[in-house]
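Take a look at the structure below.
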Number of protein chains: 4
Amino acid sequence: MFFASDNAGPAHPSVMDALVKANEGYAMGYGADPIMDEVRESIREIFEAPDAAVYLVINGTSANSILLGTMSQPWQTIFCSDCAHIHEDECNAPEFYTGAKLTLVRTVDGKMSAADLKTKILAEENRGVHGPQRGPLSITQVTEKGTIYQLDELRALTATAREFGIKTHLDGARFANALMALDCTPAEMTWKAGIDTVSFGGTKNGAVGVEACVIFDPDLAWEFELRRKRGGHLLSKHRYLSAQMQAYLKDGLWLDMARAANARCAQLAEGLAGHNGARMLYPSEANIIFFEMPRSEHKRMLDGGAVYYVMNGDPETGDPDEPLTGRLVTDWSASEEAVSQFLSLLRG
Amino acid sequence: MFFASDNAGPAHPSVMDALVKANEGYAMGYGADPIMDEVRESIREIFEAPDAAVYLVINGTSANSILLGTMSQPWQTIFCSDCAHIHEDECNAPEFYTGAKLTLVRTVDGKMSAADLKTKILAEENRGVHGPQRGPLSITQVTEKGTIYQLDELRALTATAREFGIKTHLDGARFANALMALDCTPAEMTWKAGIDTVSFGGTKNGAVGVEACVIFDPDLAWEFELRRKRGGHLLSKHRYLSAQMQAYLKDGLWLDMARAANARCAQLAEGLAGHNGARMLYPSEANIIFFEMPRSEHKRMLDGGAVYYVMNGDPETGDPDEPLTGRLVTDWSASEEAVSQFLSLLRG
Amino acid sequence: MFFASDNAGPAHPSVMDALVKANEGYAMGYGADPIMDEVRESIREIFEAPDAAVYLVINGTSANSILLGTMSQPWQTIFCSDCAHIHEDECNAPEFYTGAKLTLVRTVDGKMSAADLKTKILAEENRGVHGPQRGPLSITQVTEKGTIYQLDELRALTATAREFGIKTHLDGARFANALMALDCTPAEMTWKAGIDTVSFGGTKNGAVGVEACVIFDPDLAWEFELRRKRGGHLLSKHRYLSAQMQAYLKDGLWLDMARAANARCAQLAEGLAGHNGARMLYPSEANIIFFEMPRSEHKRMLDGGAVYYVMNGDPETGDPDEPLTGRLVTDWSASEEAVSQFLSLLRG
Amino acid sequence: MFFASDNAGPAHPSVMDALVKANEGYAMGYGADPIMDEVRESIREIFEAPDAAVYLVINGTSANSILLGTMSQPWQTIFCSDCAHIHEDECNAPEFYTGAKLTLVRTVDGKMSAADLKTKILAEENRGVHGPQRGPLSITQVTEKGTIYQLDELRALTATAREFGIKTHLDGARFANALMALDCTPAEMTWKAGIDTVSFGGTKNGAVGVEACVIFDPDLAWEFELRRKRGGHLLSKHRYLSAQMQAYLKDGLWLDMARAANARCAQLAEGLAGHNGARMLYPSEANIIFFEMPRSEHKRMLDGGAVYYVMNGDPETGDPDEPLTGRLVTDWSASEEAVSQFLSLLRG
């Protein structure tokens, strides 16, 4: 009954096998390993983007920060949601790598609307050299609240950005989960929807620690490489990043894992929705659930062995009837048994 | 006959086994995994430093940059050798993480002398607020030229620094190789010799990609953690760093691997020294050799299957008698066979 | 009828005289001129702060940025109002000098409340190393909307900050105007109210271009000096900054000028309040007025020779009845005649 | 007998008159004042560069740093002399504004040679993404040692840079003194010699505090403006910068002042050259002299009322025969009487 984080689960055995297999003999470092050549081609095919620049880094913070650094200038402001990971959970890494600031767009169910984005963009226009200049837009898909931008919502956001000459980054730490939810192609969810660069997550979906940075305009490639190196994010023994991504993509493993995670989450959501006293805070559209429940109920679940975060209060102490927010996240390895056990426990 | 780089060799099978073993079930992320608790204790024991703060990162550039960032201020200058990795090979990462500049101290055989260091320190003293202020000293051990600072040389450098209130960082990307060469304890080569922080390398010596940052003054710990996060270098699935380091340290594996690498290097050095036409450029004291040989001889070796870098010219084209510099590096996996084969080929 | 900005008016003749008088013979540069010694003592007396560190810079952006840099760390967030000059009008200079980000506290009439500040501070507490850490608070007095924090409001804000170990900066670009409005002492409006550092403005109140940075904790002095130099803000011919400030402070000239500016503004406000069709947007408590009036009325005033900014639309084109926002600012040199002329024109 | 610094002298009375004259009524701020329009046109004419972008800042450190920031990227290294002001005397401001590092080229008599520059440029070419990339070249004219690059020397340096696609900045803190020494046009000493941007100094040559930044490629103009603002170097009451520069340029005042300064310096140099016991360290070609003399002689001069810096030792204490280095700098206001008095005192 571990639903605390998709960062805390194991890597898929195929990923580990690939690591072990890659560990033979010598290989050129710093991305010049032959596996990377394969990975680059696979990602270009998957995205139907034969010219895309493709790089690997160790985690989402570095993927987001280096991509945004490559897309922005230090006198700009980056538009993002008011609950964006780049704003809340990266300890100023985006500011460090870009020199820019962030302009927060309000969200409903974790999602920005094109209209709200436009209001914020317009607000940055009237002060000439005095105010921060308009920089890129960053969209998180799956959102931090577990919701999904529909394709037309994505297109509306990027179209609004494009009106003002603004490029768009997609923080796809849970890219695969979103793709499964939308049942569309990677191209449809990215460049066909107006996205310019993608943090293509692997870590939360069964890898050891790897994210691909996909840049549809290859003119930015060399600057990205320099920024990655300057941030200390170019690995010498790069083959171990390549091998993870190779296994991740092979035979659709990444999609299977996301499908499984989403399915487990849907089961949990269904059970919670029917539970007296629990209330879903946002539509659960991928592999994350935020729900409200009385403290006493949370305590009962945690005491019973469920593992998840209670976000806004101590489940042990305080008014037993006070509603507290819980967060459940499923990863590829969450079992049907764990889900059933959780739901049984919930029903009491 | 692969002697191009200790970055290009495989990880030790025990390290891979540890990775696979760590890949079971759920584990708290971001350094809160139980394996890290073990690793921290092991490193404290190894360094006889029960209070030391210990962190893991993915590579040497980030270890050096974050440690130096923690030790310096953006209006300072960092003293280092004129061939230091932090100066030559990190694409301004140290400047990015510190905001400071570097003051280069000249080297003989890759090593700074205390007298030259003092001259440079004194040169930064006369300009009050106008000039950069004195920041930390960074020493590389094994040096970039494959030589070793003797303990008294280290102590002389740190004593000179300390005269001016300057703290010292050790870039120990090849820490184990140095230790084997000096046949001393980690404490003797670090805090007993006046070192304040250490980049304790694993990557070049049989790991997949892990370096420990050891900080003897635990008051700096929290700042280090914030700087690591802000640089995007805190891993979510941290257990895979911990597991590598755990295996690396277990039963002295790290020392065995360094011993092997140094022994192979010594054999190569002995063979080269006896070879007509080859000339050692620096004493080879660990696992690196720089040597000069006519272009035609390099070409003969490379054509014969030896793999190594020729640093200052194209071995294929030009005056066959012109002397060119070759670099050989051995890692733990270099075999006696490869060495014999190389030396046979050399003898012709 | 020039009410566009207090940045656009002339310097007081006494300031110019002081500049000319200072221009005799040689004087040590970089702040070592004897006039600076006088200025430092005057400011310490005025603030009843015998140990305060006192420095001069050329403008408000640099005063704010260097002070905030001295008070914060690059992994922190600085709390300020959602209409703060440091957020809106300094093109990321605060971010450049601090490396930090800004957390915006909502305002009513340009002012933050202690309760809203507390909410924002608390929101930054739950994410450990992942989120930005709590940095200093910056308060603008006179606010950007022309209102004034009462002393108890200031004290409530700084007390809230202090609960969390947070220091407070006062952006006093219009310090003198605020002081006249509150009829209190500089000490009461600053350190007695819990303020730690002050940007003490001169430029908008009759100087050529000078602001004092007042730091009540002298331990921060040397870091401030280094940050000022590194930002290129230490003037070689510093005597010309000193002389301005000397004349500004002499015989209460600074207070006289602020008193005059506030008085002219009060007359304008009174006239506007009585004008059919005009509406004050905020209480005008110092030397700034924001008011709403139909487009046709703005057009009539501007055509009649009044000079001021219309903030949110073109007064020339559009629905004549649409209400637009105008901003009037008075400086020391605004004449009673100009005010009368403006009000006559308004009455039609 | 004040020869300590050209930063310590007064501004020319015409400059002060212009300041006073500019102090009438209202003027648009931030560079939109009408005097700036005149100044811009004057500088374009003086440089025969009708398209040049022209901006004013308060001092040389900001001029150099913002120009270099506009010309470089944070992963580059800037080539400059080993005694450059940007390296030695700006407390990391160039690093702060650029993010780049500096590569020092050795000097003879304060001047780099094209051959030495080429060696350093070539040394930065072999490490791909690992090493810093080649950024701009910065040349100081008059050099920090008081010598002058001849036009062919300038052309040789910029041609070498241009071979590698490198742009060149001229630190002309003493631009006028150099021009008088070379007896050439501003165009000949800059863009006709391959210079791309110029810090055109006023402060050391009779202004209160103003330098023009001249950028021959107007495509860089907007970025410069944003960088200036972000550094806090855009003045609100900009007219006082404009007025200084207007007076400085009017009727060749700037050239007259430099001519006077150089002439006084030449007289000092001639006298020193004939003095038993004094030795010129570099050819004195503009308004600076470095000379060596026994400590006892320095002491005698200083006791007699001469004011200048002794660079490398205390003139009061130590072996009276030990040679110490003195530096004399003349500005526009140095009188013939002061020079005669100095030389009489020297002769004893």
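The values are calculated or read from the model by the stated rules, or taken from the named source; none is laboratory data. Source: prediction; values computed, not measured. Glycine gets a Cβ as well: all are built from the backbone with ideal geometry, and neighbour counts include every protein chain shown. For the accessible areas, the whole protein counts, side chains as well, though only heavy atoms, and no ligand, DNA or RNA atoms are used. Shrake-Rupley method; radii C 1.70, N 1.55, O 1.52, S 1.80 Å.
Observations on the model:
- Here D:THR147, D:THR190, D:THR168, D:THR203 are screened, and the one residue that is modelled with pLDDT of 95 or more, under 17 Å from the mean Cα position of the chain (by Cα) and under 25 Å from A:TRP222 (Cα atoms) is D:THR168.
- Residue in segment D:327-343 that is in a helix (DSSP H, G or I), closer than 22 Å to D:PRO13 by Cβ and open to solvent by less than 70 Å² (accessible area, probe 1.4 Å) present: yes
- Considering segment D:263-294, the residues that are open to solvent by 60 Å² or more (accessible area, probe 1.4 Å) and in contact with a strand residue (DSSP E or B) (Cβ under 9 Å, 6 or more places away or on another chain) include one that is nearest to D:PRO323 (Cα to Cα), namely D:ARG279.
- Residue within segment A:239-248 that is at pLDDT 95 or above, assigned by TED's automatic domain parsing to the domain that holds A:THR147 and open to solvent by 20 Å² or more (accessible area, probe 1.4 Å) present: yes
- Note on segment A:31-51: residues that are more than 11 Å from every other protein chain (Cβ to nearest Cβ) and open to solvent by 50 Å² or more (accessible area, probe 1.4 Å) total 10.
- One residue stands out among those in segment D:14-30 that are within 7 Å of chain C (Cβ to nearest Cβ) and in a helix (DSSP H, G or I): the one that is farthest from D:MET245 (Cα to Cα), which is D:VAL20.
- On the stretch given as segment A:82-109, residues that are of a type outside the set (Asp, Glu) and either open to solvent by 40 Å² or more (accessible area, probe 1.4 Å) or within 9 Å of chain B (Cβ to nearest Cβ) (or both) total 9.
- From the list D:ALA4, D:ALA11, the one residue that fits, being surrounded by fewer than 23 Cβ atoms within 10 Å (Cβ to Cβ), out of contact with any Pro (no Cβ under 9 Å at 6 or more places or on another chain) and part of a loop (DSSP other than H, G, I, E, B), is D:ALA4.
- All positions within segment C:110-125 that are at pLDDT below 95 and either among the charged types (D, E, K, R) or open to solvent by less than 10 Å² (accessible area, probe 1.4 Å) (or both): C:GLU124, C:GLU125
- D:GLU285 vs. criteria under 26 Å from B:LEU122 (Cβ atoms), out of contact with any Asp or Glu (no Cβ under 6 Å at 6 or more places or on another chain) and acidic (Asp, Glu): no
- Of the residues screened, C:PHE224 is not one that is farther than 28 Å from C:GLU24 by Cα and part of a strand (DSSP E or B).
- Residues (closer than 16 Å to D:GLY172 by Cα and touching a Phe, Trp or Tyr at 6+ places or on another chain (Cβ under 7 Å)) located in segment D:64-80: D:SER65, D:ILE66, D:LEU68
- Selection from segment D:126-138 of residues that are touching a residue at least 12 places away in the same chain (Cβ under 8 Å), in contact with a Cys (Cβ under 8 Å, 6 or more places away or on another chain) and open to solvent by less than 30 Å² (accessible area, probe 1.4 Å): D:PRO132, D:LEU137, D:SER138
- Matching residues, segment C:269-321, being aliphatic (A, V, I, L, M) and outside any loop (DSSP other than H, G, I, E, B): C:ALA269, C:LEU272, C:ALA273, C:MET280, C:ILE288, C:ILE289, C:MET293, C:MET301, C:LEU302, C:VAL307, C:VAL310
- The number of residues in segment A:117-139 being in a strand (DSSP E or B) and within 12 Å of chain C (Cβ to nearest Cβ) comes to 2.
- Scanning segment B:88-112 for residues that are small (Gly, Ala, Ser) and touching a strand residue (DSSP E or B) at 6+ places or on another chain (Cβ under 8 Å), we see that the one that is farthest from B:LEU154 (Cα to Cα) is B:ALA100.
- Segment C:247-262 residues that are within 13 Å of C:ALA334 (Cα to Cα), paired with ones that are open to solvent by 10 Å² or more (accessible area, probe 1.4 Å) and part of a helix (DSSP H, G or I) (beta carbon under 6 Å, 6 or more apart): C:ALA258/C:MET180; C:ARG259/C:MET180; C:ASN262/C:MET180
- Check on A:GLY232, in contact (Cβ under 8 Å) with a residue 40 or more places away in the chain and over 19 Å from the mean Cα position of the chain (by Cα): no
- Selection of segment D:298-307 for residues being surrounded by 19 or more Cβ atoms within 10 Å (Cβ to Cβ) and touching a residue at least 40 places away in the same chain (Cβ under 8 Å) yields D:MET301, D:ALA306.
- Every residue from segment D:52-81 that is touching a Ser or Thr at 6+ places or on another chain (Cβ under 7 Å), farther than 18 Å from D:GLU225 by Cβ, more than 12 Å from chain C (Cβ to nearest Cβ) and open to solvent by 10 Å² or more (accessible area, probe 1.4 Å): D:PRO74
- Selected residue (only one of B:ALA22, B:ALA18 is over 26 Å from B:ALA261 (Cα atoms), open to solvent by less than 40 Å² (accessible area, probe 1.4 Å) and modelled with pLDDT of 95 or more): B:ALA22
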